[in-house]
Amino acid sequence: MKYLFGPVNSRRLGLSLGIDLLPAKICNFNCIYCEVGPTTILTCERKEYTPTREIIAEVDSFLATSGQAKPIDVFTITASGEPTLHSGLGEIINHLKARTALPVAVLTNGSLLFREDVRQELEHADIVIPSLDSAGEESFRKINRPAQCVKLQEIIDGLCLFARNFRGELWLEILLSKGINDSAEDLAALRQALIDIKPAKIQLNTVVRPPLEEFANPLTETELEEISRQLPGTVEIIADFHKRKRENTRSAHKTELLEMLRRRPCTETDICEALNLDGNSTARLIKELTASGEIAHSAHRGKIYYQTSPTA
């Protein structure tokens, strides 16, 4: 599949089928922690970057065939960059809601929620997970490195407007990087913004996978726990510090493994947990794909991460 990937086991959403709306890293941010790589097109322009009809056709194909054999919990709309930049977002959400009773989740950086058209399109989703890594101008520019057209106050105002009227679940993700956006002043500004936004819950994260910039460093689990106690409302730590138990595992298949690694770097454990694969078949397939040059590996903080090779 070109636009759909998975299903993958998501800690937040259950068994999730991903829908990737963009053909490349098209975004209005160039975050220092991004695991996908540098933004290739830094823009705030909304347009049809990928043929919406092709995405919908792939959804229909899944529902007609694989959807019966692979029951899922949720459709998750995402992108290599920022999905709300794709002007067909609303049409895709509406099509999913018309064709299936499954919930639709959208992952976004929240930067375009100040726009009425974007808010209206997202109103039909069941779960929207925007991010707000900083409510302070200096640290916002340092961690998210936005395009010049992006204004922090517009982001916060847009989040407030959307949260006020959205009937679904709004989960706000905050990713903290050591020494970049975790100062006492940064946390105080975030706390005030969160009081104004009032999300259903706050999801606290840190740098885990290999980041775009080497100076993007993680906070410890203890540090995140302390910060979680300073923030208002329901706060959960989503940074994965612990290995999860798996049951009813299955053998690894080349296509799904490559689809996953094409979108983000993963450790062997990440792959097994996300796709519910047994360790032996996964290890053998990784070894074969590495030997053939289809995937490459790199070390980061004592772990080996795999990703599709640029030449593959």
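Each value in this text was obtained by applying a stated rule to the coordinates, not by laboratory testing. A quick note: this is a predicted structure, and the numbers were derived from the prediction, not measured. Backbone-built Cβ (ideal geometry, glycine too); neighbour counts: all protein chains shown.
List of remarks:
- Cβ-placed point charges (K, R +1; D, E -1), dipole of the chain about Cα centre in debye, nearest 20: 560
- Computed [θ] at 222 nm, deg cm²/dmol, the chain (DSSP H ≥ 4; -39,500 (n - 2.57); rounded to nearest 500): -10500 deg cm²/dmol
- Taking every DSSP bridge with both residues inside the range 1-108, close to 30 percent are antiparallel.
- Inter-centroid distance (Cα atoms) of the range 166-212 relative to the range 30-69, Å: 25
- Considering only alpha-carbon pairs that sit under 8 angstrom and 6 or more positions apart, the relative contact order computed for the range 244-312 is 34 percent.
- Neighbour counts of C-beta atoms inside 10 Å place T52, T255, T39 in the sequence T255, T52, T39, starting with the fewest.
- Separation of the N280 and N165 label points, Cα + 7 Å toward Cβ, nm: 5.7
- This ranking places D73, D196 by how few other beta-carbon atoms lie within 10 Å of each, fewest first, which gives D196, D73.
- For the chain, share of DSSP beta bridges that run antiparallel, in % to the nearest 5: 30
- At R0 = 41 Å, FRET efficiency that the Cβ-Cβ distance of E137 and D60 yields, to 0.05: 0.40
- Taking a straight Cα-Cα cut-off under 12 Å and skipping sequence neighbours fewer than 8 places away in the same chain, the aspartates and glutamates within cross-link reach of K254 are E288, E294.
- The antiparallel fraction among DSSP beta bridges confined to the range 244-312 stands at about 90%.
- Cα-Cα over 25 Å, subset of K2/K25; K178/K287; K97/K151; K2/K97: K178/K287; K97/K151
- Whole-Hz ³J(HN,Hα) from phi, Karplus 6.51 cos²θ - 1.76 cosθ + 1.60, for the range 262-273, glycine and proline x: 5, 9, 6, x, 9, 7, 4, 5, 4, 4, 4, 6
- Relative exposure of M1, M260, judged by other C-beta atoms within 10 Å (fewest first): M1, M260
- Correct option for volume of the Cα convex hull per residue in Å³ [calculated from the coordinates] among (i) 130; (ii) 265; (iii) 117: (i)
- Rel. contact order, % - alpha carbon contacts under 8 angstrom, at least six apart, the chain: 16
- Distance between the range 268-292 and the range 7-25 - C-alpha centres, whole angstrom: 19
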